[in-house]
Amino acid sequence: MARVKITKKDLKEDQIRNFGNKAYAYIKENQKRITIGLAIVCVILIGFKLYSVQRKSRIQESNILFSRQQTCSKWDFLQKTRNNA
């Protein structure tokens with residue numbers, strides 16, 4: 001096996017710290033864009049949630065109206081058959 005020579009410079013250089021510093025600098029530079037992007041994503045998610053809640057309530061309301069209509073239709077049918085008999 002070949003030996004890898006590590007220098008003092010390599011030991012002092014921390015790749016994780018360098019990555020963290022670069023990420024922090026990028027975030028600091030583009031803070032406004034990142035904030036706007038996150039706000040847009042939040043608005044889209046909230047809008048989708050409100051839409052789905054409204055849609056669900058409309059479906060429930062239409063199911064209730066449909067079942068009432070079915071009940072009324074059966075009741076009317078029974079009344080008509082009793083009156084004809």
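The values are calculated or read from the model by the stated rules, or taken from the named source; none is laboratory data. Small disclaimer: the values here were computed from a predicted structure and weren't measured. Counting neighbours? That spans all protein chains shown, and the Cβs are built from the backbone with ideal geometry, glycine included.
Residues in the range 14-30 that are surrounded by fewer than 10 Cβ atoms within 10 Å (Cβ to Cβ) and at pLDDT below 95: Q15, I16, R17.
Rundown of residues vs (1) of a type in the set (A, V, I, L, M); (2) assigned to a helix (DSSP H, G or I), yes/no style:
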| residue | (1), (2) |
| --- | --- |
| K5 | no, no |
| I27 | yes, yes |
| R33 | no, yes |
| I40 | yes, yes |
| V43 | yes, yes |
